[in-house]
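Novice: Below is one structure. I have some questions about it.
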Amino acid sequence: MAKYTVITFAPVQGFIEKSRKLRDLYGSSYLISLLSWVICQRVEKLGYKIISPASTNVTQGMPNQMVIKGKLSPEEIIIIKHTFDEAWKCLVYGCKEWIEKNINQWEYNYWRRDWKLWVNHCWEFFSASGETITQARNNLNQAKNSRDWTGINWRGESSTLSGSDAICQPLLGESYEPHSYDYQGEKKIIREFYKALSEQLGEAFIEPREELSIPELVKRIITHETIINNFFDKIVNFTIVDENEERRLATRKDFMSIADELQPDSFRDLNRHREDSQEQKYWTGWFLGDGDNASKYFKSLAQKAPEIEEKGLKTFSQQMRRWGKNLKKNEYTFLEEKGRMIYAGGDDFLGVLYSSNIGENELSPLVPYDCLRWFYSFKSEVWHGEDPKIITASVGFVWAGNQVPQRDVLQHCHLAESSAKSTGRDRIAFRILFNSGNYLEWVCPWWLLDTGEWIFEVENQSSRVCLPQELKVDLEGLKQDNLNLIESYGDRSKTLLQDGGNWTHFYQDIATLESRHAFNKKVFSQEELTQNNVIVSNDIALSLINIYFGEKWHKIISNPNYWFNRYDDRELLTFTGILGDPKQFISDYTPENYPQLIEHPLVKQALNNWVINLGKIGFYLTDKRQ
Amino acid sequence: MNNVTYNLKYLTIIEPLGFLYGSAGRFLSPENLVGRSGAKFPPSSTTLSGVFAANLNDDERKKLCVAGPFWGKTERVHEEQNFYVPTPLNYLVKNGQIQHKLHWDDQKKGWYDEEGNEPADKFDKSTWIPINQWDNPTTVESPPWRFTPHLHPRLAQDQRRVYIEDEDTPAEDKKGSLFLENAVEMSPDTCLVYLSSQALESGWYRFGGEGHMVEITCIELNHYLQNLLKQPIENQLALITPAVWGSNRLSYRYPVHNQKEKSITPTQQTSDTEYVWNTKTIFTSRAHPFRYRFGNHEDPTRPKLLSRGRYAVPAGTVYVLEDSLSQSWLEWDESWFPREGVSFKRWGCGLALPIKSLQTSG
């Protein structure tokens, strides 16, 4: 019987989320990759084979769950954990020593203890084994149920980035009495310290007014070439990297790539809320996504023999690693020079769209319509491309106001992604996020936007999701002109969007009708729903579709057969409906309930809302002005 | 150590009059736009304790104990004292229903459902169950509040007009004349609920940040609740409020015998730390920051001091212990709780109820 071991560490999302600058995002995703890489190197040194992630000699874009062939002994796990801890310690102390050496107007007598606490208590480390990969994964989840954190308490004001944890400053740890705390005194030192750091590293790394905690400072400084260089030197002595084996391992060049990439002169940071900045502030587009139901896919593999499961996982990981690496390497091709990929590791990705190239290094701010059109080919070209993926992807896209803090933008990205997931997957959620914190959202399956999808053949075994034959027939007429839903829009004078069609016509109709309560009730009481005595009509919404998007789209959108997801007997998605999963509306839905489902007030309301939100969000997304 | 016996005798009901405040951490400023990510609601028991402290005399204040937060449907709370507490994390909720109740299997060393499976799906977070179904919950509710960004004019301190900066304002003090509050709107007919040792006179009070007004009513706990709180905890328990365990330097997932700070050094903490409970396992999630501001009733004009920042085990955490505690939370030893000025027991930290419906097989 085959045996497998799974290793992971936490927190990952929480670690990445505490970000103010683009640099923080890069820094944290790089750190996590680096730590995963360290684990993989140690595992391979111990003579084990890693099934996932594939290609362990690349230091960037590494997912943080390692699936290993073989059952590792507790002693071996301790060795791996020790290597992981040592690597983190090297990174943290590398930063500490750099500061002590370069910002030397203070005696750093007190802060040693706090740095040590962060060396010891930043990460939770988990491992588990099993007869099959699925079993090992289940055991790992069992282990994770108890978590393994130790909280580092702090005194005084908190980091301005996370709102918790102590601000790293030269007198950190001098006193632990909250009652004797002198904020004004501390504030003066904090200002001087961050000013000195900023002068040494440059404002691209740290601004003089920031107040960061130790791990946040580490994320920031780790992208500095001196620190990475230093880390590489240490890790060479550290037995997992052997200069003689370099062909198999990551080279110094790999390590340094992040420093090159983030060099202040080449790295156009999106300085999102600099107060003194003369430069104009622009709206930016953020997208966050990942593959759909990877775990369900793995589960379907698990019903077969362990060898097949192992092979399937390996193939999957190879494909995703290849995709991530290419995406990162060729981001200019993929993003059409509109933005940057922040990470693409495993089936996760995060990117930002903010400018378009108008020649000789001149960048001009992006308009929302550019972003919208980029997503027209996301699934068919960026996700699938020439290497169709086994699973589909869901994306949350946020078009964010220039004043929205980065952490909020990221949270909205997560929320948008989860809207895309929870309404049925294989789709994109568009969010317009205003400076006031309000937002609009519209969620749409890829096939309504991506005309590349319409030629995606069923014969291709790598994707199970395909358009039903009848829908293909319906799309046939549209296919000739390659007009997706949005581009089919024609205003009152029948002018298409590409010819300057005015979205306001549709938007105004929606707004007027909504203010006259033409779309029925918004909220139903439990009684109304259970007694089934509310009638919601889609007539008005569908008529609007007919008027502005034409008969062909009206036929498609009004057909209840295209409203819902379809699944095969292993619960894997086979078709993506406009409204998504039927269980959102009837939690115990079975196909026998189909007649009730399509008449259900919540379904009808969802369709109305879908049209209303299309009208509202389209108003912003089709904007061609800066 | 002055051992005060805390008792929880009252239900403190807080009905919002309009918006409530929903941010945590540092106050909003240009360099700290916490916005959405700083959203935290409902307010912790320390917030309510501030309202009490301002209205009690010294003797009463010493005996004060407040636990929460919980919430309820106002009518039901008044009529039958039924309110909602965080769902124990081993009850897996999906689409508003409890799908599995996991139990700890001693032999297989894992959490399993009724059929002995390990559910691998994704489940709903932050759900609540009615306290009158504590022993066998069948219904689940989602929280009745939502965050609404709310733009406020920043008023000048000495005049009744919007604050406008002049040219002399130093750059670092520039704030703008508007600020964004992450306000919380509770659905009508719902209220926040806390347990308390003392009663406040019914009336309107300022509660939480930004001075939002609330109506507070205190009623005496009925027998069901009193008995529930007094039920001795054997070896399975679930927290219904966050628990802060550990020393002044570190926060842990388990209560520790609070030793002198100096004996706990960072490197030795594990070997030196003596856990109070012999724990088989816990079912928990990630740590939540826990801190509050000290009241200063002697000189209210002085800036309020920040307490030490700590980390709490989230409410809903389930502990399975080797040995029976045979004590209700009310009787738990104060030395299990961190102490700084006062014992953390007075914030109702780690208020726990026994879980009986779960069977440990094997």
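Novice: Measure nothing but the geometry: give the 0 to 90° angle between the long axis through the Cα atoms of A:539-549 and the longest principal axis through the Cα atoms of chain A, rounded to 10°.
Specialist: Helix A:539-549 and the main axis of chain A meet at about 80 degrees.
Novice: Once the whole set of protein chains is in place, how much accessible area is left on A:GLU97, using a 1.4 Å probe, in Å² to the nearest 10?
Specialist: Taking all protein chains as shown, A:GLU97 has close to 90 Å².
Novice: Sticking with this one: Mind listing which trypsin sites (Lys or Arg not before Pro) in the range B:305-349 are in a DSSP loop and have 12 or fewer other Cβ atoms within 10 Å? Please report the intermediate quantities before stating the final value.
Specialist: Working: sites: B:ARG308, B:ARG310, B:ARG339, B:LYS345, B:ARG346; in loops: B:ARG308.
Here no trypsin sites (Lys or Arg not before Pro) fit, given the DSSP loop and packing criteria.
Novice: Let me ask something additional. Which order do A:ASP588, A:ASP581 take by accessible area at a 1.4 Å probe, largest first?
Specialist: Values: A:ASP588 110, A:ASP581 45 Å².
Descending order: A:ASP588, A:ASP581.
Novice: Where does helix A:469-481 land angle-wise versus the long Cα axis of chain A, in degrees 0 to 90, nearest 10?
Specialist: The answer is roughly 90 degrees.
Novice: Kindly identify residues of the range A:119-149 having a loss of at least 30 Å² in accessible area between the isolated chain and the assembly of all protein chains, probe radius 1.4 Å.
Specialist: With the partner chains in place, the range A:119-149 has these residues losing at least 30 Å²: A:HIS121, A:ASN138, A:GLN142, A:ASN145, A:SER146, A:ARG147, A:TRP149.
Novice: Still on this structure, please answer the following. How would A:GLU177, A:GLU309 line up by accessible area, probe 1.4 Å, largest first?
Specialist: Details: A:GLU177 95, A:GLU309 5 Å².
The ranking, largest first, comes out as A:GLU177, A:GLU309.
Novice: Let me ask another. A:LYS101 to A:ILE547: FRET efficiency via 1/(1 + (r/R0)^6), r the Cβ-Cβ distance, R0 51 Å, to the nearest 0.05? Could the numbers behind the result be given before it?
Specialist: On the way: r = 70 Å, r/R0 = 1.37.
Step by step, r from the Cβ atoms, then E = 0.15.
Novice: Placing +1 at every Lys and Arg Cβ and -1 at every Asp and Glu Cβ, with all other atoms neutral, what dipole size does the protein assembly as shown have around its Cα centre, in debye to the nearest 20? Before the final figure, lay out each step's value.
Specialist: Numbers: 113 positive and 130 negative charges, 185 e Å.
Taking the Cα centre of the protein assembly as shown as origin, the dipole is about 880 debye.
Novice: Which percent of the accessible area of the range A:1-130 is formed by carbon and sulfur heavy atoms (probe 1.4 angstrom)? The partial results should precede the final answer.
Specialist: Details: 2120 of 4450 Å².
Roughly 48 percent of what the probe reaches on the range A:1-130 is carbon or sulfur.
Novice: Right, here's the next one. A:GLU470 versus A:LYS624, label points 7 Å from Cα toward the beta carbon: distance in nm?
Specialist: Reported label-point gap for A:GLU470 and A:LYS624 is 3.8 nm.
Novice: Per residue, what volume in Å³ does the convex hull of the Cα atoms of the protein assembly as shown enclose?
Specialist: Details: hull volume 186.9 nm³, N = 988.
Spelled out: Cα convex hull of the protein assembly as shown, divided by residues, is 189 Å³.
Novice: Can you give the charge dipole size of the range A:1-124 about its Cα centre, rounded to the nearest 20 debye, using +1 on the beta carbon of Lys and Arg and -1 on the beta carbon of Asp and Glu? Please report the intermediate quantities before stating the final value.
Specialist: Numbers: 17 positive and 12 negative charges, 37 e Å.
In debye, rounded to 20, the range A:1-124 gives about 180.
Novice: Determine which residues of the range B:200-240 fall in the zone a paramagnetic label at B:LYS356 would reach in this model, i.e. backbone nitrogen under 15 Å from the point 7 Å along Cα→Cβ.
Specialist: Hits in the range B:200-240 for B:LYS356 at 15 Å: B:224-238.
Novice: Please give me the summed charge of the neighbours of B:ARG76: other residues whose Cβ is under 12 Å from its Cβ, Lys and Arg +1, Asp and Glu -1.
Specialist: Details: positive: B:LYS73; negative: B:GLU75, B:GLU79, B:GLU80, B:GLU141, B:ASP189.
With Lys, Arg at +1 and Asp, Glu at -1, the net is -4.
Novice: Compare the Cα positions of A:TYR183, A:ASN546, A:ASN593 along the charge dipole of chain A (+1 at Cβ of Lys, Arg; -1 at Cβ of Asp, Glu; about the Cα centre) and return the one farthest towards the positive end.
Specialist: Of the options given, the answer is A:ASN593.
Novice: Sort A:MET256, B:MET213, A:MET320 by heavy-atom solvent-accessible area, probe 1.4 angstrom, most to least. List each step's numbers first, then the result.
Specialist: Working: A:MET256 25, B:MET213 60, A:MET320 5 Å².
Output order, biggest surface exposure first: B:MET213, A:MET256, A:MET320.
Novice: Go ahead and collect, in residue order, the members of the range A:478-510 whose backbone nitrogen is under 19 Å from a label point 7 Å along the Cα-Cβ direction of A:GLU336.
Specialist: Under 19 Å, as judged by backbone N against the label point of A:GLU336, lie A:481-489, A:496-501 of the range A:478-510.
Novice: Here is a further query. So how much accessible area does A:TYR194 have, in Å² to the nearest 10, using a 1.4 Å probe?
Specialist: The accessible area of A:TYR194 comes to roughly 0 Å².
Novice: Just to be sure I understand the curve: with the Debye formula and one point per C-alpha of the range A:29-82, what is log10 I(q)/I(0) at q = 0.21, 0.27, 0.30 Å⁻¹?
Specialist: The computed values of log10 I(q)/I(0) come out as -0.70, -1.10, -1.28.
Novice: Which entries of A:LYS379/B:LYS125; A:LYS89/B:LYS122; A:LYS18/B:LYS9; A:LYS325/B:LYS40 show an alpha-carbon separation above 32 angstrom in the structure shown? Present the calculation step by step, with values, prior to reporting the outcome.
Specialist: Details: A:LYS379/B:LYS125 30 Å; A:LYS89/B:LYS122 34 Å; A:LYS18/B:LYS9 41 Å; A:LYS325/B:LYS40 38 Å.
Check vs 32 Å cut-off fails for A:LYS89/B:LYS122; A:LYS18/B:LYS9; A:LYS325/B:LYS40.
Novice: List the residues of the range B:218-257 for which accessible area in the full set of protein chains is at least 40 Å² lower than for the chain on its own; 1.4 Å probe, protein heavy atoms only.
Specialist: Those are B:ARG249, B:LEU250, B:SER251, B:ARG253, which lose 40 Å² or more relative to the chain on its own.
Novice: For the range B:79-95, take each phi angle, set θ = phi - 60°, evaluate the Karplus expression 6.51 cos²θ - 1.76 cosθ + 1.60, and give the result in whole Hz per residue in order, putting x for glycine and proline.
Specialist: Each residue of the range B:79-95 in turn: 6, 10, 6, 9, 9, 9, 10, x, 5, x, 5, 7, 8, 8, 10, 9, 6 Hz.
Novice: Next up: How much of the accessible area of the range A:286-387, in percent, comes from carbon and sulfur atoms when a 1.4 Å probe is used? Kindly include the intermediate steps, with their values, before the conclusion.
Specialist: Details: 1930 of 4110 Å².
The C+S portion of the solvent-accessible surface of the range A:286-387 is 47 percent.
Novice: Give me, ordered by chain and number, the residues 5 or more places off B:ALA312 or on other chains with an amide H under 5 Å from its own placed amide H.
Specialist: It is B:HIS288, B:PHE290, by chain and number.
Novice: Counting only protein heavy atoms and rolling a 1.4 Å probe, how much accessible area do A and B lose on contact, total for both sides, in Å² to 100? Could the numbers behind the result be given before it?
Specialist: Numbers: alone 27710 and 19350 Å², together 42310 Å².
Buried: approximately 4700 Å² between B and A.
Novice: How much accessible area per residue does the protein assembly as shown have, in Å², with a 1.4 Å probe? It would help to have the intermediate numbers written out before the result.
Specialist: Working: 42310 Å² over 988 residues.
Result: 43 Å² per residue.
Novice: Check B:HIS212: other-chain or 5+ apart residues with amide H under 5 Å from its amide H, H built from backbone geometry?
Specialist: B:PHE207
Novice: Another question, then. Pop the C-beta distance of B:ASP58 and A:GLU192 into the FRET formula with R0 = 56 Å and round what comes out to the nearest 0.05. Please list the in-between numbers first.
Specialist: On the way: r = 42 Å, r/R0 = 0.76.
Here the calculated transfer efficiency is 0.85.
Novice: Work out from phi, with θ = phi - 60° and the Karplus expression 6.51 cos²θ - 1.76 cosθ + 1.60, the ³J(HN,Hα) of each residue of the range A:493-499, listed in order in whole Hz, and give x for Gly and Pro.
Specialist: Result, rounded to whole Hz: 9, 6, 7, 6, 3, 5, 9.
Novice: In square angstrom, rounded to the nearest 10, how much accessible surface does B:PHE290 have for a 1.4 Å probe?
Specialist: Answer for B:PHE290: close to 20 Å² accessible.
Novice: When the Karplus curve 6.51 cos²θ - 1.76 cosθ + 1.60 is applied with θ = phi - 60°, which whole-Hz ³J(HN,Hα) does each residue of the range A:554-571 get, with x for Gly and Pro?
Specialist: Those phi angles translate into 4, 4, 5, 6, 7, 7, x, 5, 9, 7, 10, 5, 10, 10, 8, 5, 9, 6 Hz.
Novice: So if R0 is 60 Å, what FRET efficiency would A:ALA305 and A:ASN402 give, r being the distance between their Cβ atoms, rounded to the nearest 0.05? Walk me through the numbers on the way to the answer.
Specialist: Details: r = 55 Å, r/R0 = 0.91.
Efficiency, from the Cβ-Cβ distance: 0.65.
Novice: Give me the net charge for the shell around B:VAL313: Cβ to Cβ below 12 angstrom, other residues only, Lys and Arg +1, Asp and Glu -1.
Specialist: Details: positive: A:ARG147, B:ARG253, B:ARG286, B:ARG310; negative: none.
Spelling it out: positives minus negatives among the neighbours equals +4.
Novice: What net charge is computed for the residues neighbouring A:TYR507, neighbours being all others with C-beta under 14 Å from the C-beta of A:TYR507, Lys and Arg scored +1, Asp and Glu -1? Can you show the working numbers first?
Specialist: On the way: positive: A:ARG492, A:LYS616; negative: A:ASP491, A:ASP509, A:GLU514, A:ASP623.
Net charge in that neighbourhood comes out at -2.
Novice: Additional query: If you average the C-alpha positions of the range A:33-88 and of the range A:189-238 separately, how far apart do those two centres end up, in angstrom?
Specialist: 27 Å
Novice: Expressed as a whole percent, how much of the Cα-Cα distance distribution for the range A:483-626 exceeds 25 Å?
Specialist: Numbers: 3630 of 10296 pairs.
The proportion of pairs with Cα distances above 25 Å equals 35 percent.
The values are calculated or read from the model by the stated rules, or taken from the named source; none is laboratory data. Quick caveat, the model's predicted, so the values are computed rather than measured. Reconstructed Cβ throughout: ideal geometry from the backbone, glycine too, with neighbour counts over all protein chains shown. The protein model used for the area step is the full one, side chains on, heavy atoms only, and it has no ligands, DNA or RNA in it. Shrake-Rupley method; radii C 1.70, N 1.55, O 1.52, S 1.80 Å.
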